[in-house]
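The structure appears right after this line, and notes come after that.
The values are calculated or read from the model by the stated rules, or taken from the named source; none is laboratory data. These numbers come from a predicted model, not from an experiment. Here the Cβ positions follow ideal geometry from the backbone for every residue, glycine too, while neighbour counts run over all protein chains shown.
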Amino acid sequence: MLTKELLRFHTVSGRVKPQFIDPADRGLLAFAAAVVRTYQDFQGTPRSEILETLEPRINSQRDLKLARGLWKLYDDMCVFSGDTSCDWAAMRRTLFSCSSRLILSISEEETFSDFRTRVFAGAGETVLPLSDNIYADLPDYERLAEVPKMTPALLLEKYNVVLVQSLVLYAESLELTIEEHDGARMRRFFKYLKFFRLLAEVSSSSKWEEGTPSAVRMKIDGPASILDGGAKYGLQLASFLPALFQLSRWKFACALKLNGKELKLSLDDSSGLTYRFGRLGIYIPEEVRMFARLFAERVPEWTLSSDSPFLKAGPRQSFVFPDITFTHGEKKVYLELFHKWHSRQIPERLAFLEKHPDLSLVLGIERRILSSNPTLAERIESHPLFGSRIFLFRDFPPVEKMRKILEAFA
Amino acid sequence: MSSVTIEFDAGTLLLDFSGVPPPAEALAFLRFDDRVSLWRARACDYAPLRRVLHAAGWEVQDHARAYSELNLTLRNGFRPMAHQSRALAAWKKAHGRGMVVMPTGSGKSYLAVLAILSAGRSALVIAPTIDLVQQWASSLRKFLGIEIGMLGGGAREIRDVTVSTYDSAVIFMEFIGAKFGMVVFDECHHLPGPVNRLAASMAIAPYRLGLTATPEREDGGEAVLNDLIGPKVCEIFIDELEGRVLAPYETRRVAVELSAEELEEYTASRRIYTDFIRAHGINFKERDAWSQFIMLAARRPGGRAAMNAYLKQRAIARCGRGKLEMIWRILIRHRGERTILFTADNDAAYAIGNHFCFPVITHKTKVGERREFLDRFRSGEYRVLVTSKVLNEGVDVPEASVGIVVSGSGSSREHVQRLGRILRASEGKQAVLYELVSEGTSEIGVSERRRKHRAYAGRHSEEGLSC
């Protein structure tokens, strides 16, 4: 992210206009290329030396803030490591023991330069590497170990995305309108929402059907937002933005509290922001991986896929995102797994399942949830579909149980 | 009887009244959350909410509370000193919610141990730095005789009694905010910041104790402390404890002359900088003046030169040759005494460390080496320690008797904290805090500002040590 002093934007009547850059700008491409090349050429060099080399180039740029921003962006992606060629801490121990011993006998006539000479002489040859700088292993002197695989053009493109993310750090919530016909992208969008522990209040949607909604309006913020506002979830909102930028049609608006001012920021897909700087992969929990492996071995007649459509389950916050789809010929069965951290949705889902018994949806519920909530436990165990469509699991879903449930569908 | 279910949800409380309107008395704490169709409340309002619901005759199914009752006994304890008993009684009288103001070295940690024992609930102690967290862990282990959990500096272990940095507490509170019935906020003047306050608002703990030596804030943060911890229940001043609990002390301001060359360079740089701020109408009495300067320095002609000039004159005033000479004179005068040197910035700390071959602790120091430096300083193996700001607060170095403020801010809180580092009493100890001020520079005004505190009244002397 860019720090506050590196943010570039104009304000017009309280509206923030980010100063995007043209990724095809030849001057900027040349500067970005110089940054990338310097880092690539200076692998194994201390950070301070790289900066020293780049400093004149950075300072010669007309827009110093932009130059520093691009440099920071690239530097943040690099990996640095300390100098391990010698044991700096051990050498310092020897040196300080000596200085502490000698300081007891300093005299009025002695200068501190004399004292330093005496300390190094007393500590012996082993501490010689410290003579120029006792703290030469500080982060400033760490050496470049790895550079990112990024072209100058991509660095400029990424700058625009990061500029928006860095502004959204100061937002309380996001008002979104999205339109997407690709179910996989939409699913990824909602899964990201869940991953960043954000909540969505869907105010309107159209053309919903099993599969893909075409347009959705929603407000996104965190659980405590309605209580005390503030930009508490700014980092989560900013981190979530790439999931928005990969949709076909989107627009968002948010209020920012920046430098003591109340500002507004709104953007849409015409801004050209996209996210293609790494995988926006979906996290697959270990228990699901393990289950998939065992299931494939033991129940070969059904195929398993994590590429599931999502289902609308109610008027608000009510999307069913099955974790797994089982396919047997034309038949599809969806499995949604519940863990303690999102157990709050279980009562709603139980009601949904009761109301839509025709839907091929199965619920797996982590057993741990029941022990801490007896009321919910009773509700689950007394549900008419408990056993046939709802089951409990400890670490990962039991394969045999799932086979039996699927057989009933077949 | 009507029934309500309370659940802890990501640092907040969710209340399910099963479609029935909540009692009117509870509405002050509640907001209806359309996103989940339930009522929501701040986690820190757990105790008053429970009381209100109980008084209104509602049956509460409490799925929020995840903290346990503890039956701890005091190990290696001693009879509390009179001021500690007074503070504990005041906190108990306030139903275990409130802030105690006590000077550094007067036994705040032991007071916290007594309060934890009195509350008898699983407890979280939150402190600003990893050094303090380690110090708390060691102290709690000694007095409670149990293993202590730790969050921060790479550790992520939760136990009945756990210590955490503010940073880690903020990150983890949405997951652990229901696990502790008591929270101790060490150096609680850090709490009112917009981020740190989450460590208090996202926890359900009914028992709360705030500890600080310097509660003064200039931003109205007292109201936040009152809301999230409770009112100030007891205040004890340095001069009340001097000579008994704290070492007798004196403070000396030493004027340091810049060399002719330094003075010339300082004056020239200062002029470039002040000309720039005057030309652009920057008024440092205004709140965002510094941001304005940074912004203009990046954009306007002459801005870069003004910024370089600002940094140059500041470096000369903060750690010029004259100050290095003066440090040396003071070290000769106090040969053998444990001495801490404080600077305003890391560059100055490392410059001094390199000039004199002394250990330096800043936030850049690795945890292991930081611990080693402190241990060796406490044991007497190291006699001098240099630090920027990380040792301003709390870290226990009782053996230090001489402090040298080489440079610092105008904050009286910072200055009192630095004084506190050398005040812990021991047999025959006389503490001295030196303040080095470069003559003819802006440091004179900064020094005047930071000395405006009761701790300095009537014990100030000016000194002109010759180099």
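Can you pull out the residues in the range B:230-276 that are more than 24 Å from the chain's Cα centre (by Cα) and among the aromatic types (Phe, Trp, Tyr)?
Within the range B:230-276, B:Tyr266, B:Tyr273, B:Phe276 qualify.
Would you mind listing the helices (runs of 4 or more DSSP H) fully within the range A:97-207 where at least 2 residues are modelled with pLDDT of 90 or more and of a type outside the set (A, V, I, L, M, F, W, C)?
In the range A:97-207, A:112-123, A:152-168 are the helices (runs of 4 or more DSSP H) which contain 2 or more residues that are modelled with pLDDT of 90 or more and of a type outside the set (A, V, I, L, M, F, W, C).
Give the residues of the range A:87-101 that are surrounded by 14 or more Cβ atoms within 10 Å (Cβ to Cβ) and out of contact with any helix residue (DSSP H, G or I) (no Cβ under 6 Å at 6 or more places or on another chain), sorted by residue number.
Selection gives A:Trp88, A:Arg92, A:Arg93, A:Phe96, A:Ser97, A:Ser100, A:Arg101.
B:Arg156 fails exactly one of the following numbered conditions: (1) in a strand (DSSP E or B); (2) at pLDDT 95 or above. What is the number of that condition?
Of everything listed in (1) in a strand (DSSP E or B); (2) at pLDDT 95 or above, B:Arg156 misses just condition (2).
Within the range A:149-167, can you find the residues that are surrounded by fewer than 16 Cβ atoms within 10 Å (Cβ to Cβ) and either in contact with a helix residue (DSSP H, G or I) (Cβ under 6 Å, 6 or more places away or on another chain) or without any contact (Cβ under 8 Å) to a residue 60 or more places away in the chain (or both)?
Passing the criteria: only A:Lys149.
Could you please find all residues in the range A:125-149 being among the charged types (D, E, K, R) and within 14 Å of chain B (Cβ to nearest Cβ)?
The answer is A:Asp132, A:Asp137, A:Asp140, A:Glu142.
Quick one: in the range A:74-103, which of the residues that are among the hydroxyl-bearing types (Ser, Thr, Tyr) and over 13 Å from A:Arg143 (Cβ atoms) is farthest from the other protein chains (Cβ to nearest Cβ)?
Top of the filtered list is A:Tyr74.
Using the structure shown, decide if B:Leu88 is of a type in the set (A, V, I, L, M) and under 23 Å from B:Met99 (Cα atoms).
Yes: the conditions hold for B:Leu88.
For residues in the range B:328-351 being under 18 Å from B:Ala400 (Cβ atoms) and assigned to a loop (DSSP other than H, G, I, E, B), which is farthest from the other protein chains (Cβ to nearest Cβ)?
My answer is B:Thr343.
In the range B:165-211, how many are in contact with a Leu (Cβ under 7 Å, 6 or more places away or on another chain) and of a type in the set (Lys, Arg)?
Number of matching residues: 1.
Identify all residues within the range B:364-378 that are under 23 Å from the mean Cα position of the chain (by Cα) and within 10 Å of chain A (Cβ to nearest Cβ); write none if there are none.
B:Lys364, B:Thr365, B:Lys366, B:Gly368, B:Glu369, B:Glu372, B:Phe373, B:Phe377
Would you mind stating whether A:Asp75 is within 29 Å of A:Val168 (Cα to Cα) and of a type in the set (Asp, Glu)?
yes
Identify the single condition in (1) surrounded by 15 or more Cβ atoms within 10 Å (Cβ to Cβ); (2) outside the structural domain of B:Leu433 (by TED's automatic domain parsing); (3) of a type in the set (Asp, Glu) that B:Glu325 does not satisfy, given that it satisfies every other one.
All conditions are met except number (2).
Please enumerate the residues belonging to the range A:223-278 that are of a type in the set (Phe, Trp, Tyr) and within 14 Å of chain B (Cβ to nearest Cβ).
Selection gives A:Tyr233 alone.
Would you point out the residue of the range A:245-256, among those that are more than 14 Å from A:Arg276 (Cβ to Cβ) and of a type outside the set (S, T, N, Q), that is modelled with the lowest pLDDT?
Going through the qualifying residues, I end up with A:Arg249.
So, in the range A:1-59, how many residues would count as being within 14 Å of chain B (Cβ to nearest Cβ), assigned to a helix (DSSP H, G or I) and without any contact (Cβ under 8 Å) to a residue 60 or more places away in the chain?
Of the residues in that region, 4 qualify.
For A:Phe396, state whether it is at pLDDT below 85, outside any strand (DSSP E or B), farther than 28 Å from B:Asp62 by Cα and of a type in the set (Phe, Trp, Tyr).
So A:Phe396 passes the test.
Check off (1) in a loop (DSSP other than H, G, I, E, B); (2) more than 26 Å from B:Leu124 (Cα to Cα) for B:Phe78 and give me the number that stays unchecked.
Here B:Phe78 clears every test but (2).
Here are the criteria: (1) in contact with a Lys or Arg (Cβ under 7 Å, 6 or more places away or on another chain); (2) over 25 Å from B:Pro48 (Cα atoms); (3) not small (Gly, Ala, Ser). Tell me which single one B:Asp167 does not satisfy.
The single condition B:Asp167 does not satisfy is (1).
Per-residue answers, yes or no, for (1) under 14 Å from the mean Cα position of the chain (by Cα); (2) assigned to a strand (DSSP E or B); (3) on the phi > 0 side of the Ramachandran plot:
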{"position": "B:Gly98", "(1), (2), (3)": "no, yes, yes"}
{"position": "B:Ala112", "(1), (2), (3)": "no, no, no"}
{"position": "B:Ser118", "(1), (2), (3)": "no, no, no"}
{"position": "B:Ile126", "(1), (2), (3)": "yes, yes, no"}
{"position": "B:Val133", "(1), (2), (3)": "yes, no, no"}
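Exactly one condition in (1) surrounded by 20 or more Cβ atoms within 10 Å (Cβ to Cβ); (2) in contact with a strand residue (DSSP E or B) (Cβ under 7 Å, 6 or more places away or on another chain); (3) not in a helix (DSSP H, G or I) is false for B:Val60; which is it?
(1)
Is there any pair linking a residue in the range B:62-88 that is within 14 Å of chain A (Cβ to nearest Cβ) to one that is in a strand (DSSP E or B) and among the aromatic types (Phe, Trp, Tyr), with Cβ under 9 Å and at least six apart or on different chains, and which?
The qualifying pairs are B:His63/B:Phe8; B:Ala64/B:Phe8; B:Arg65/B:Phe8; B:Ala66/B:Phe8.
Could you check how many residues of the range B:104-153 are buried (at least 20 other Cβ atoms within 10 Å of the Cβ) and of a type in the set (Asp, Glu)?
Result for the range B:104-153: 1.
In this structure, does B:Phe185 turn out to be in the same structural domain as B:Ser122 (by TED's automatic domain parsing), touching a helix residue (DSSP H, G or I) at 6+ places or on another chain (Cβ under 7 Å) and at pLDDT 90 or above?
Yes.
List every residue pair whose Cβ atoms lie under 7 Å apart, where the two residues are 6 or more positions apart in sequence or sit on different chains, the first residue falls within the range B:285-311 and is away from chain A (no Cβ under 11 Å), and the second residue, located anywhere, is of a type in the set (Phe, Trp, Tyr).
If the second residue must be of a type in the set (Phe, Trp, Tyr), the pairs left are B:Gly302/B:Phe276; B:Ala306/B:Tyr273; B:Ala306/B:Phe276; B:Ala309/B:Tyr273; B:Tyr310/B:Tyr273.
Taking B:Phe342 as the residue in question, decide whether it is of a type in the set (A, V, I, L, M, F, W, C), at pLDDT 90 or above, surrounded by 21 or more Cβ atoms within 10 Å (Cβ to Cβ) and over 21 Å from the mean Cα position of the chain (by Cα).
no
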